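The values are calculated or read from the model by the stated rules, or taken from the named source; none is laboratory data. Just so it is clear, the structure is predicted and the values come from calculations on it, not from any experiment. Because the Cβ atoms are built from the backbone with ideal geometry, glycine has one as well, and the counts that use them run over all protein chains shown.
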Amino acid sequence: MKKDTFYLTTPIYYVNDLPHIGHAYTTIVADAIARHARLSGKDVYFLTGSDEHGQKIERAAQKQGLEPRQLVDRVVKRFQQLWKRLEISNDDFIRTTEPRHRKGVEDLFRAVKARGDIYLDRYRGWYCTGCESFYTVTQLVDGRCPEQGHPVEELEEESYFFRLSRYQDALLEHYQKHPEFVRPETRLNEAREFVRSGLRDLSISRTGFDWGIPVPGDDRHVLYVWFDALTNYMAAAGYGADPKRFGKLWPADLHLVGKDILRFHAVYWPAFLMSAGLPLPRTVFGHGWWLTAQGKMSKSKGKVVDPVPLIEQFGVDPLRYFLLREMTFGQDGAYSDEALIDRINSDLANDLGNLVQRTLAMVHSYLDGQVEPPDENVLPESASLGALARKSLGAYREHMDSYAFSVGLAALWDLVGGINRFLVKHEPWRKPDGKDDEARRAAVLGSAVEGLRWVALGIAASMPESAETLLELLGFPKKELQAGYDALEWGRWKEKPTRCKRAEALFPRIDKQAYFATPAAASTSGDRSPNSRRNSMDTVPDQITIQEFQRIKLRTAKITAAERVEGTDRLLKIEVDLGDGKRTIVSGIAEQYSADSLVGKMVVVVTNLKPARIRGVDSNGMLLAAGVGAEDRPIICTFEEEVPPGAPVR
């Protein structure tokens, strides 16, 4: 029987220190999945929380002269505040210091013990406080833990053990029957090989510290932090307290975890559940790490990127988009400020932002801000744009369903590019020839507005605030987002016409040169630090001398030929005559000028610019153009009087 609820979780974050971009990434991914599932008509329950017990917390508190409870109360607020700033739509936030969690842990322990899977013995081995994990001497690497190179300490103490070895065959059988249980496939192979190598019984209690949940019936022992922490997923669902609620929510559909804690979720956790006779979660997805120039981000090694300055500098939605678009989910990704800026400028400012500004500017210039839905009787080609919208959004949904966020967003951007091509093809900026032509122009703009309405719904999971803003700019109520994907019908507006707002910069372009010129310490990403509070996008460049200006060689040139660069919407390959020879220049003005309209024009060219290869074409120079209006329309520089090719411009 199909469940009514889609239940997904993040790992509960260990609050011995402040959140970094790795925590933000996992939670943003979970939020995008949750929002997408809601838009798909599912009843979503989205859980995140904090892991607050263990020796690492106790030691961190001691270093700061605090009680453990004081430390966790302070740090957990930072996580909760960050999730609010990142627009995380979680339905619940569980803390392992809550009574409901403790009851769940105690009930699970009793259920496992009743099965005969817990016994008292002595433990001797190597323990990593940083990972909260036990290792054999053969697993150590250079005397340190094999996961992150933390120091380990040899322990010998009385301990309760879980009969993990009893579940080796059952785990392997489950992996075989349910390959979707661990994703991606590489992580499934890792879990399978770990189990095949032989499972030893697991120590699940400690006596060397007090900050944790006491073992039921023996308060000399504190439960192992992973037996404690993993139970949060069931405690939040009502395990041991609300059978009806638990029956609705459990088993979880998706546990999102970093690959470094895969073993705990894909081996220990299902074994605990098997022992207790409880259903296993449907999928554990172990995603990759964000890497910096120095390797994996690590709080203990001081190699982290703080998301808060990035939010302040670039905005929440651009950061969310970058994290979802840049990394192939399941693999590692490389973080740098430069990559973030390039993605924002390319996808958001240039592609989507300019399209929105240009469309709204034309709606106000030509239609007084009011537009009707696309009329295929007036413009039959509108149907082809509608077909592209359905195809792009359909592909986006399929990829989001399979957690391929980067591929899904790329499919959605096919629609963004398609709307741009549609406008270039039908040229609504050309002066209409009669009423029929005016009606045709209105239909072109109505089609573009409708396409952008579909884009708004598509970006709602990744950039929720921007989706609402875009709908409101187009003149549609933001409550349309609540209706979900299936309510979309091409050209069907509840209220028509719609009155668009005036164009504004939905995604301002970032001046990368000014950003990197701002004084700051070197960052862990290998370029510059995002951690200083700054407004470098507004930085005024230093003045230059006349000698510096004279290094730029400007000359007049006559355009002798032009054609579209294959596979692009904005680029033209232009041939210019400089009087003493010809050269080729690639220019991003195709959305403003058709190739034929440029031939014969006299323009200004930077002739000593370093050559660049752009989309397979060697470009030797730069054509100068002004950026006009809020939409930054390129208007080429030309002359009132006739001038010869090759004349210097000063």
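A few points about this structure:
- Single residue of the stretch 572-591 satisfying the filter (over 11 Å from V605 (Cα atoms) and touching a residue at least 60 places away in the same chain (Cβ under 8 Å)) that is surrounded by the fewest Cβ atoms within 10 Å (Cβ to Cβ): D580
- Qualifying residue in the stretch 114-122 (condition: assigned by TED's automatic domain parsing to the domain that holds H20, modelled with pLDDT of 95 or more, in a loop (DSSP other than H, G, I, E, B) and surrounded by fewer than 20 Cβ atoms within 10 Å (Cβ to Cβ)): yes
- When residues of the stretch 627-650 are limited to those that are assigned to a strand (DSSP E or B) and at pLDDT below 85, the one farthest from the chain's Cα centre (by Cα): P648
- Residues being assigned to a helix (DSSP H, G or I), under 28 Å from G408 (Cα atoms) and of a type in the set (V, I, T) are entirely absent from the stretch 361-370.
- Residue match in the stretch 210-231 (condition: hydroxyl-bearing (S, T, Y), touching a helix residue (DSSP H, G or I) at 6+ places or on another chain (Cβ under 8 Å) and closer than 20 Å to G286 by Cβ): yes
- Test: residue in the stretch 476-494 that is in contact (Cβ under 8 Å) with a residue 24 or more places away in the chain, under 25 Å from Y366 (Cβ atoms) and among the aliphatic types (A, V, I, L, M): no
- In this structure, T5 does not qualify as crowded, with 19+ Cβ neighbours inside 10 Å and polar (S, T, N, Q).
For (1) charged (D, E, K, R); (2) touching a Cys at 6+ places or on another chain (Cβ under 8 Å); (3) closer than 26 Å to E190 by Cβ; (4) at pLDDT 95 or above, each residue gets a yes or a no:
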residue	(1), (2), (3), (4)
S275	no, no, yes, yes
L278	no, no, yes, yes
G295	no, no, yes, no
E312	yes, no, no, no
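- Of R59, R74, R69, R38, all but one fail to be of a type outside the set (V, I, T), farther than 25 Å from Y7 by Cβ, in contact (Cβ under 8 Å) with a residue 60 or more places away in the chain and part of a helix (DSSP H, G or I); the exception is R59.
- Residue within the stretch 482-500 that is within 24 Å of P373 (Cα to Cα), modelled with pLDDT under 80 and among the acidic types (D, E) present: no
- Some residue of the stretch 51-73 being within 25 Å of the chain's Cα centre (by Cα), crowded, with 22+ Cβ neighbours inside 10 Å and in the same structural domain as G240 (by TED's automatic domain parsing): yes
- If you go through the stretch 601-629 and keep only what is within 16 Å of A647 (Cα to Cα) and either among the polar types (S, T, N, Q) or touching a residue at least 40 places away in the same chain (Cβ under 8 Å) (or both), you end up with K601, M602, V603, V604, V605, V606, T607, N608, G621, L623, L624.
- Unique residue being at pLDDT 95 or above and over 25 Å from P634 (Cβ atoms) when the list is L393, L415: L393
- Residue within the stretch 423-441 that is within 27 Å of G41 (Cα to Cα) and in contact with a His (Cβ under 8 Å, 6 or more places away or on another chain) present: no
- Residue in the stretch 5-28 that is over 23 Å from the mean Cα position of the chain (by Cα), within 29 Å of D486 (Cβ to Cβ) and either at pLDDT below 95 or not assigned by TED's automatic domain parsing to the domain that holds A461 (or both) present: yes
- Selected residue (criterion: surrounded by the fewest Cβ atoms within 10 Å (Cβ to Cβ)) from residues of the stretch 451-494 that are under 15 Å from V356 (Cβ atoms) and among the aromatic types (F, W, Y): F476
- Within the stretch 149-167, considering residues that are within 36 Å of the chain's Cα centre (by Cα) and either in contact (Cβ under 8 Å) with a residue 24 or more places away in the chain or not assigned by TED's automatic domain parsing to the domain that holds F209 (or both), the one surrounded by the most Cβ atoms within 10 Å (Cβ to Cβ): V152
- Yes/no for A387 being more than 23 Å from A503 (Cβ to Cβ), surrounded by 15 or more Cβ atoms within 10 Å (Cβ to Cβ) and either modelled with pLDDT of 95 or more or under 16 Å from the mean Cα position of the chain (by Cα) (or both): no
- Some residue of the stretch 28-36 being crowded, with 19+ Cβ neighbours inside 10 Å, among the charged types (D, E, K, R) and more than 21 Å from F264 (Cβ to Cβ): yes
- Within the stretch 10-40, the set of residues being out of contact with any Ser or Thr (no Cβ under 9 Å at 6 or more places or on another chain) and β-branched (V, I, T) comprises I21, I33.
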